[in-house]
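So the structure is just underneath, and the comments pick up after that.
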Amino acid sequence: MEIFLLVLFLLGLIALSNMINRLVFFIPVPLIQIALGMIVAVIPFGFEIPLSPDLFFVLFVAPLLFNDGKRIPRDELWNMRAPILLLALGLVFATMLAGGH
């Protein structure tokens, strides 16, 4: 029952962030949600949500990347292929050289 109430509370925060965004439209919704999350994190409710990093990546990061990948215009992606590949491969090799022995 606690988890159900916690999920309802978090959904309420999402609704609140959208209402705040209608009043303060020049601030992006993710920034409002981060601010609300920081406020809720400071207030002690007695809830503790254990979340492993692997589960976080599967539940949140992967769907966000997939959604962004579906919405990107293919022509722009093709025109930006050189900087994208340079950043992807160059940063991998730079990290490998700097961090590896």
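The values are calculated or read from the model by the stated rules, or taken from the named source; none is laboratory data. Given the structure is predicted, the values throughout are model-derived calculations rather than measurements. Cβ atoms come from the backbone with ideal geometry, glycine included; neighbour counts cover every protein chain shown. Surface areas here come from the heavy atoms of the whole protein model, side chains and all, with no ligands, DNA or RNA. Shrake-Rupley method; radii C 1.70, N 1.55, O 1.52, S 1.80 Å.
A few notes on this one:
- Test for Leu6: is it surrounded by 10 or more Cβ atoms within 10 Å (Cβ to Cβ), touching a residue at least 24 places away in the same chain (Cβ under 8 Å) and not in a loop (DSSP other than H, G, I, E, B): yes
- Failed item, numbered, when Glu48 is tested on (1) acidic (Asp, Glu); (2) farther than 30 Å from Met1 by Cα; (3) part of a loop (DSSP other than H, G, I, E, B): (2)
- When restricted to residues that are touching a helix residue (DSSP H, G or I) at 6+ places or on another chain (Cβ under 8 Å), loosely packed, with under 13 Cβ neighbours inside 10 Å and within 29 Å of Pro50 (Cβ to Cβ), region 15-27 contains 1.
- Filter result (open to solvent by 100 Å² or more (accessible area, probe 1.4 Å) and either assigned to a loop (DSSP other than H, G, I, E, B) or in contact with a helix residue (DSSP H, G or I) (Cβ under 9 Å, 6 or more places away or on another chain) (or both)) within region 81-101: His101
- Any hit, region 62-80, residues being open to solvent by less than 80 Å² (accessible area, probe 1.4 Å), assigned to a helix (DSSP H, G or I) and β-branched (Val, Ile, Thr): no
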